[in-house]
Each structure stands twice: as C-alpha cells, then as structure tokens.
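Chemist: Please see the structure below; I have some questions.
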Amino acid sequence: MAGVSKGAAGEVLAARFLRDKGYKLLTSNFRCRQGEIDIVAQKDGYVVFVEVKTRQQETLYSPREAVTVPKQRRLIQTAGVYLSRFPSKLQPRFDVIEVVTESATSLKVVEINHIVGAYEAGDLSGAF
C-alpha cells in the first residue's frame, strides 16, 4: 500500500476485516454535503455505517475517542442522506473500527477493534 495515506490504508484493512466477518460491503467513502461515511455494509438485518479510525500504538488516546459527539451528529446526518438515496428496510447501526498500527511510519497492524453499536442515532428522521 505504498503511497497510500494511513487513513486510507486503515479503511482498506477495515473493509477486509468486515468481509472476513461475513459483512456485505455496500459502498465506501460515501460523500454528501453533510459529510462522509467510510464504509456502509450490511449483515444480520442491519445496514451498518462504519467510521474507521487509524492510530499508532503509543497514541495518548484511543482511536474511538476521535469520534466525538459533533462527528457522530455529522455521521448520522450523512447516514440519513444515504438512506434517502438508497432506502432500506434494514435497521441502521453505527459502528467504529479502530485500526492500531505499530508506529507512525509503519502500517503493520497491531490490533483491529470493531465496536458494534458504538453510538445511538435515535430517530434518523431528525437527521434531515
């Protein structure tokens, strides 16, 4: 993955991880005016909106801490736009995947942590 940003590489690794866990990937890097969702997938009656955070091992905070409440609101709004364009009867869910690498210069993965249902969206109709 030479020449690829650490974030983009983390997203590729997260997509592979999800596929290996039986998720069907619907799209990646869905963008609209409200924001971007790294991965949209489905499994077991859920449409899953995944935020991927990649950090090095010795960072002072966990990758999930970068998914702040304002970031969550933008992701929920973006998911609302996605669902208006691609209606689904599946239950929406918001996950975070943390990709932890050895160091800033290495893409050697130390850990991938999948946080299922990392935060709640409430009623998605409020996202519009």
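Chemist: Need the full-extension length gain, GLU65 to LYS21, defined as separation in residues times 0.36 nm minus the C-alpha distance. One decimal, nm. It would help to have the intermediate numbers written out before the result.
Modeler: Details: separation 44, 0.36 × 44 = 15.84 nm, distance 2.40 nm.
Gain in length upon complete extension: 13.4 nm.
Chemist: Restricting attention to the stretch 77-123, which GluC sites (Glu not before Pro) occupy a DSSP loop and are surrounded by at most 12 other Cβ atoms within 10 Å?
Modeler: Here the GluC sites (Glu not before Pro) that fit, given the DSSP loop and packing criteria, are GLU120.
Chemist: May I ask you to rank ARG31, ARG55 by accessible area, largest first, using a 1.4 Å probe over the protein chains only? If you can, show how the numbers build up before the last one.
Modeler: Working: ARG31 150, ARG55 55 Å².
Largest to smallest exposure gives the sequence ARG31, ARG55.
Chemist: Oh, and also: Quick one: which of LYS43/LYS89; LYS53/LYS108; LYS24/LYS108; LYS24/LYS89; LYS21/LYS43; LYS21/LYS71 span more than 19 angstrom between C-alpha atoms? Intermediate values should be presented prior to the final figure.
Modeler: On the way: LYS43/LYS89 13 Å; LYS53/LYS108 15 Å; LYS24/LYS108 25 Å; LYS24/LYS89 16 Å; LYS21/LYS43 9 Å; LYS21/LYS71 26 Å.
LYS24/LYS108; LYS21/LYS71, as the Cα separations exceed 19 Å there.
Chemist: Skip the ligands, DNA and RNA, and give the accessible area per residue of the chain with a 1.4 Å probe, whole Å². The partial results should precede the final answer.
Modeler: Details: 7220 Å² over 128 residues.
That works out to 56 Å² for each residue.
Chemist: Summing -39500 (n - 2.57) over the DSSP H runs of n ≥ 4 in the chain and dividing by its residue number, what mean residue ellipticity at 222 nm do you reach, to the nearest 500 deg cm²/dmol? Walk me through the numbers before you get to the answer.
Modeler: Values: 2 runs with 32 residues, N = 128.
Calculated at 222 nm, the ellipticity per residue is -8500 deg cm²/dmol.
Chemist: Once you've got the GNM for the chain with C-alpha springs shorter than 10 Å, pick whichever of THR78, THR101, THR68 has the biggest mean-square fluctuation.
Modeler: Per the Cα network of the chain with a 10 Å cutoff, THR68 tops the list.
Chemist: Now for a separate question. Of the candidates LYS108, LYS24, LYS53, which one comes out as most mobile in a Gaussian network treatment of the chain with C-alpha springs shorter than 10 Å?
Modeler: Maximum fluctuation in the GNM of the chain, among the listed residues, is at LYS108.
Chemist: Between the stretch 62-94 and the stretch 1-48, how many Å separate their Cα centres?
Modeler: 13
Chemist: Relative to the longest principal Cα axis of the chain, at what angle does helix 69-85 sit, 0 to 90 degrees, rounded to 10?
Modeler: Relative to the chain, helix 69-85 is tipped by roughly 50 degrees.
Chemist: Could you sort TYR61, TYR82, TYR46 by accessible area so the largest value comes first, with the probe set to 1.4 Å? Provide the component values of the computation, followed by the final result.
Modeler: On the way: TYR61 105, TYR82 20, TYR46 80 Å².
My answer, sorted largest first, is TYR61, TYR46, TYR82.
Chemist: How much FRET efficiency would the formula 1/(1 + (r/R0)^6) give for ARG33 and VAL110, where r is the Cβ-Cβ distance and R0 is 30 Å, rounded to 0.05? Could the numbers behind the result be given before it?
Modeler: Numbers: r = 36 Å, r/R0 = 1.19.
My answer for the efficiency is 0.25.
Chemist: Given 0.36 nm per residue, what is the gain on full extension from GLU120 to GLN42 after removing their alpha carbon distance, in nm? Please report the intermediate quantities before stating the final value.
Modeler: Numbers: separation 78, 0.36 × 78 = 28.08 nm, distance 1.70 nm.
Going from the current span to full extension adds 26.4 nm.
Chemist: Of the candidates GLN91, GLN77, GLN57, which one comes out as most mobile in a Gaussian network treatment of the chain with C-alpha springs shorter than 10 Å?
Modeler: In the Gaussian network model the winner is GLN91.
Chemist: Taking R0 as 41 Å, what FRET efficiency do you get between LYS89 and GLU58 from their Cβ-Cβ distance, rounded to the nearest 0.05? All intermediate terms of the calculation are to be shown ahead of the outcome.
Modeler: Working: r = 44 Å, r/R0 = 1.07.
Calculated value: 0.40.
The values are calculated or read from the model by the stated rules, or taken from the named source; none is laboratory data. Keep in mind the model is a prediction, meaning the values are calculated, not measured. A quick note on method: Cβ atoms are made from the backbone with ideal geometry, for glycine too, and the neighbour counts reach across all protein chains shown. The area values use the complete protein model at the heavy-atom level, side chains included, leaving out ligands, DNA and RNA. Shrake-Rupley method; radii C 1.70, N 1.55, O 1.52, S 1.80 Å.
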